[in-house]
Amino acid sequence: PTRRSSDLSLVGSSKKMQEMFRLVEMVAPSTASVLITGASGTGKELVARTIHELSPRRNRPFIPINCAAIPETLIESEIFGHEKGAFTGALERRTGCFELAEGGTLLLDEIGEMPIATQAKLLRVLEDHKLRRLGSKVETTVDVRVLAATNKVPDEAVARGELRNDLYYRLNVFNINMPPLWEHREDIPELVQHLLVDMSAKHGRKVATVSEAVFNLFRNYSWPGNVRELRNTLER
């Protein structure tokens, strides 16, 4: 039931998690775009990393970019790159995330936060496999598998005008939805054991398990922050 990833595992013997693992293993060997949906803290980036590591691109770069964490004025430069002098402050040429991920996988996290104008440019790159750095007159061919993630309900984001309809259909070739932790609480003991192994190594401690009383508290808690909250709780 466990899929090892770079620094953590996708863990779970529950029916919901086993179904998700089956989808990951089905789509990983292909080049299809995947839209990973689910609430914050459910492990969407971990799913993307696992897809990459189970794909033929595993020896090429995996580049995650959080669209919500980059100012709107910089996001196109971050994704597509820019030439020296393309705009005020562009003192040197910059390689964007698409080119950094050449031959590998690019994860666009929180795709619903990307400006609409940038979404239009992204759609063109996905369809033509060519991009133009800001300030450049030359198009560059790119070979990148694009995965996207969002904690929004995609249909609702499209209805609100936050996500382009055509981009949504282009990205949503294959959908993997991560369940909230409260929907698969039976996985909590297994998750706790794996998280403790990781954290014991990280902090140089030897914490093997938690008491049954703590497990009972964990099982009866709603975990609004999902697996990320469980991890932070254990670490604290």
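The values are calculated or read from the model by the stated rules, or taken from the named source; none is laboratory data. Values in this document were obtained by computation on a predicted structure and should not be read as measured data. Quick reminder, even Gly has a Cβ in these numbers, built from the backbone with ideal geometry, and neighbours come from all protein chains shown. We work out accessible area using only protein heavy atoms, side chains counted, and drop any ligands, DNA or RNA first. Shrake-Rupley method; radii C 1.70, N 1.55, O 1.52, S 1.80 Å.
Which of the residues that make up segment 133-188 are closer than 20 Å to K121 by Cβ, among the aromatic types (F, W, Y) and open to solvent by 40 Å² or more (accessible area, probe 1.4 Å)?
Y169
Looking only at segment 223-236, which residues are open to solvent by 60 Å² or more (accessible area, probe 1.4 Å) and assigned to a loop (DSSP other than H, G, I, E, B)?
P224, R236 - these are the residues of segment 223-236 that are open to solvent by 60 Å² or more (accessible area, probe 1.4 Å) and assigned to a loop (DSSP other than H, G, I, E, B).
Would you mention how many residues in segment 98-111 are open to solvent by 10 Å² or more (accessible area, probe 1.4 Å) and free of Cβ contacts under 8 Å to residues at least 60 places away in the same chain?
Adding up the residues that qualify gives 5.
Just need a number here: residues in segment 207-220 that are within 14 Å of E186 (Cβ to Cβ), open to solvent by 60 Å² or more (accessible area, probe 1.4 Å) and not polar (S, T, N, Q). Don't jump to the end; show me each part of the working.
Step one: list which residues in segment 207-220 are within 14 Å of E186 (Cβ to Cβ), which gives 215-216, 218-220.
Those left that are additionally open to solvent by 60 Å² or more (accessible area, probe 1.4 Å): 216, 219-220.
Then drop every residue that is not not polar (S, T, N, Q), which leaves 219.
So the count comes out to 1.
Please determine, by comparing only the residues of segment 64-97 that are over 17 Å from L126 (Cα atoms) and in a strand (DSSP E or B), which one is modelled with the highest pLDDT.
If we take residues in segment 64-97 being over 17 Å from L126 (Cα atoms) and in a strand (DSSP E or B), then N66 is modelled with the highest pLDDT.
For A201, which of the numbered conditions (1) modelled with pLDDT of 90 or more; (2) over 19 Å from E110 (Cβ atoms) fails to hold?
(1)
How about segment 52-63: which of its residues are open to solvent by less than 60 Å² (accessible area, probe 1.4 Å) and part of a loop (DSSP other than H, G, I, E, B)?
S55, R57, P61
Sort out which residues of segment 158-178 are of a type in the set (S, T, Y) and without any contact (Cβ under 8 Å) to a residue 12 or more places away in the chain, and write them in order of number.
Y169
Looking at segment 180-191, I want the residues that are without any contact (Cβ under 8 Å) to a residue 60 or more places away in the chain and have a partner that is loosely packed, with under 15 Cβ neighbours inside 10 Å and assigned to a helix (DSSP H, G or I) with Cβ atoms under 7 Å, at least 6 apart or on another chain. Which pairs are those?
Note: pairs meeting the criteria are R185/R219; I188/R219; P189/F215.
With the checklist (1) assigned to a helix (DSSP H, G or I); (2) without any contact (Cβ under 8 Å) to a residue 40 or more places away in the chain; (3) farther than 18 Å from S33 by Cβ in hand, flag the one item D155 doesn't pass.
(3)
How about segment 113-132: which of its residues are free of Cβ contacts under 8 Å to residues at least 60 places away in the same chain, open to solvent by less than 40 Å² (accessible area, probe 1.4 Å) and under 25 Å from R57 (Cβ atoms)?
M114, T118, Q119, L122, L123, V125, L131
Applying the selection to segment 210-220, what residues are closer than 23 Å to P180 by Cα and assigned to a loop (DSSP other than H, G, I, E, B)?
Scanning segment 210-220 gives V210, N220.
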